[in-house]
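The values are calculated or read from the model by the stated rules, or taken from the named source; none is laboratory data. Owing to the predicted nature of the structure, the values given are computational and were not obtained by experimental measurement. Neighbour counts are summed over all protein chains in view; Cβ atoms, including those assigned to glycine, are modelled from backbone coordinates with ideal geometry. Keep in mind that these areas ignore ligands, DNA and RNA; they rest on the heavy atoms of the full protein, side chains included. Shrake-Rupley method; radii C 1.70, N 1.55, O 1.52, S 1.80 Å.
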Amino acid sequence: MATATEEPRTRHDAGARAGTPAISLEQISKAYRSGGEDVQAVRGIDLRIEQGEFFSLLGPSGCGKTTTMRMVAGFESPTSGTVRLHGDDVTGVAPHRRDVNMVFQSYALFPHMTVFDNVAFGLRRKREASGEIRRKVAEALELVELNGRERTKPGRLSGGQQQRVALARALVNRPSALLLDEPLGALDLKLRQAMQMELKRIQRDVGITFVYVTHDQGEALTMSDRIAVMNGGRVEQLGTPAEVYERPATRFTAGFIGTSNLLSGTVAGRSGEVATVRIEGAGEVRASCDAPAGARVDLTVRPEKIAMEAEEPAGDRARLAGTVTEVVYLGSATHYTVRLGDGSEVVVFRQNASDAASAAERGETVWVSWRPEHAYALPG
Amino acid sequence: MTMAATREGKRGRTARLAPYALVLPGWLWLALFFVAPIASVISMSLMTGGLAAGYTFTFEIGNYARAVELYWEQILRSLLYGGLATLLCVAIGYPVAYWIAFKGGAYKSTYLLLVLLPFFVSFVLRTISWGFILSDNGVVLGTLKSLGLLPGDFGVLNSATAVVFGLAYNFLPFMVLPIYAVLERMDHGVVEAAHDLYAGRVQAFVRVVLPMSLPGVFAGVIMVFIPTSADYVNATVLGGADNTMIGKVIQTQYLVNNAYPLAAAITFILMAALLIGIFSYAKALGTEQVMEVQAR
């Protein structure tokens, strides 16, 4: 494994001019003609993916994430815009002439070839010496912990093992970027979680740029250095997992990543960064918000930021009273649904720690509270 | 209690016998229409006698020696024509199947129907039509000759070429369909994966698409080679005296000369030759791989 990082990556170094992103997309758009009407799959995306980054394209199906990745791989050509790899314009270049490799959702392993031949496929097309090929394939199979299975046909491997072969087959070429299209989608939960850690380790070991397409927010949050949240062919938000989770920029991001509570109200007054928002029928809370007084705003608060008590909390915490309508026990945590005075509901996550205050029952009246900076207004 | 136990026992027995009962019609069918005729032809091939005097079983191995001695030329010619027609079918049928499967889009079934359309007309009738169209002074050659584009003594019929092309024409759909079936269900991702791994169009085809479609080619070759080698209609209608195929010999020996034992012996020699051909072909292709991919 150590050899993997020490190996000179000549092909990168040639392209890795200082500050040049591994992949850059400039005003990329893609329109299809389907059933007599134009479908706009991607609408003007600008992205810079840095060298060595684990970058995720996250969004629901049909958001354009896979189309975007396929344009990087060269399987689709953009209707307009430019794709650059290490600064070089590759917009019209065929997939087999691009220095990126892809891990397909279906794995797309060659069923008639052994594991060795599958992994060696790219190296053979590049006409590397057979000794080199043997060494590199052995190294790649070791990286994915599949050494000893060289002579096996993919059909005889489990789903998780096939996944590893697909990964080794792409990685062995040391591409300047590895594109992964929902590679863990077909695996069961336990294996998926193990593979997430594994992928992150491999990415750290080999130092190759990973572009990861997924609709699973947990996966994206776990592995990524940065996430682009996509919706309707556009990038809704770009940031680190913490930024995207803690500070969703749009209503879509807030709803798509994790669970979030939305409270609608009117700005009643403000002092600096913090505004007082009146929620009709429920009360007033303070939140970070830059909308002017009188404006209607939607506040969002993450469920784990909310405390729940029987007594009204003291101090400067934002607080509202409500009634517990649902209690869902999840082992390590319990999820409560609390109905507020205005009829809206907030979800509260509480860890089941041994010293936690006694749990609330359905129908009980409780106070929910949070620090004012944990609630903020979404634009629009 | 005892009633329940009996019913339980009955149901157990029924459940155990059910698979055999279900398979029975199939076995009966095979026994009646495959095993019995084969056995009868084998025993016939070892008999002596005539239609009038009747045939007696004398274990006459000489029938086989006579068959080979008299008709080795026709047997070899049949295998050669069948082989050439099969090669032609692969050469023409593969691109057709490939095109329909990968480029056919929404009209795949229409194109397949077009491939099958000639089947709606009788096989013999179609072959005779070709004989008519290609005759020395027929629609095509006659016109070309009268225009001075072809020499007056030019002819297509009564030649090996005519027979081989006629066979290929008649059996082409049997090659297109199995190849199409394999290509159609092929995961397009593997082709993209090949491109992604630096293979151009030719490399992707040679290394991935072609090997993965071999089971279809294998099925097509069997379905074309066997009937073309045994065919006698094309040789009779489109060929001449020099192009007689073994099917014609068998037919004549059975139905005209009533030499049943000799005809049966020739039949068996042809069958053995085809089986040896098919098995060595499967071996060369890698039977294990053919079966494995097909099983998927």
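Things to note:
- The mean number of Cβ atoms from other chains found within 10 Å of a Cβ in peptide A:149-159 is 1, as a whole number.
- Segment B:101-201 - Rg and Dmax from Cα coordinates, angstrom: 20.1, 58
- Packing-based ranking of A:193-206, B:17-30, B:260-273 yields B:260-273, A:193-206, B:17-30, ordered from highest to lowest mean Cβ neighbour count within 10 Å.
- Counting, for every residue in A:165-174, the Cβ atoms of other protein chains within 10 Å of its Cβ and taking the mean gives 1.
- Dividing the convex hull volume of the alpha carbon atoms of segment B:71-295 by its residue count gives 163 Å³ per residue.
- Per residue accessible area in Å² of segment B:1-115, where ligands, DNA and RNA are left out and the probe is 1.4 Å: 70 Å²
- Taking only protein heavy atoms and a 1.4 Å probe, the accessible area of segment A:110-226 is 47% carbon and sulfur.
- Euclidean distance of C-alpha centroids, segment B:126-197 and segment A:114-164, integer Å: 43 Å
- Accessible solvent surface per residue of segment B:180-234, calculated while the other protein chains remain in place, 1.4 angstrom probe, Å²: 35 Å²
- Shown for chain B: the carbon plus sulfur share of the solvent-accessible area, taken with all protein chains present and a 1.4 angstrom probe, equals 72%.
- With protein chains left intact and a 1.4 Å probe, residues in segment A:259-378 average 50 Å² of accessible area per residue.
- Over all other residues within a Cβ to Cβ distance under 13 Å of B:THR244, the charged ones net out to -1, with Lys and Arg as +1 and Asp and Glu as -1.
- Among B:223-231, B:184-192, sorting by the average number of other beta carbon atoms lying within 10 angstrom of each residue, highest first, gives B:223-231, B:184-192.
- Note on the protein assembly as shown: Rg/Rh from Cα positions, Kirkwood definition for Rh, rounded to two decimals, is 1.15.
- Residue pairs exceeding 30 angstrom between C-alpha atoms, taken from A:LYS65/A:LYS190; A:LYS65/A:LYS153; A:LYS30/A:LYS153; A:LYS136/A:LYS200; B:LYS108/B:LYS145: A:LYS65/A:LYS153; A:LYS30/A:LYS153; B:LYS108/B:LYS145.
- Accessible-area loss of 30 Å² or more (1.4 Å probe, protein heavy atoms, chain alone versus all protein chains) is found in segment A:100-115 for A:ASN101, A:PHE104, A:ALA108, A:PHE110, A:PRO111, A:HIS112.
- Sparse packing (at most 16 other Cβ atoms within 10 Å of the Cβ) combined with a DSSP loop state is found for the following trypsin sites (Lys or Arg not before Pro) in segment A:291-380: A:ARG362.
- Proximal charge balance of A:LEU191 [Cβ under 12 Å; K/R count +1, D/E count -1]: +1
- Shape of segment A:61-122, Cα gyration tensor, a/c cut at 1.5: oblate
- Between the beta carbons of B:LEU149 and B:VAL256, assuming R0 = 35 Å, the FRET efficiency works out to 0.25 to the nearest 0.05.
- Zero-based 5 Å bins, Cα pair distances in segment A:259-378, whole percents: 2, 12, 23, 24, 18, 11, 6, 3, 1
- When A:ARG302, A:ARG70 are compared by accessible area at a 1.4 angstrom probe, the order from most to least is A:ARG70, A:ARG302.
- Other residues lying with their Cβ under 15 Å from the Cβ of B:ASN234 contribute a combined charge of +1, Lys and Arg counting +1, Asp and Glu -1.
- Linear extension gain, A:SER61 paired with A:ARG251, 0.36 nm per residue minus alpha-carbon span: 66.6 nm
- Interface between chains B and A: roughly 2100 Å² of accessible area buried, both sides summed (probe 1.4 Å, protein heavy atoms only).
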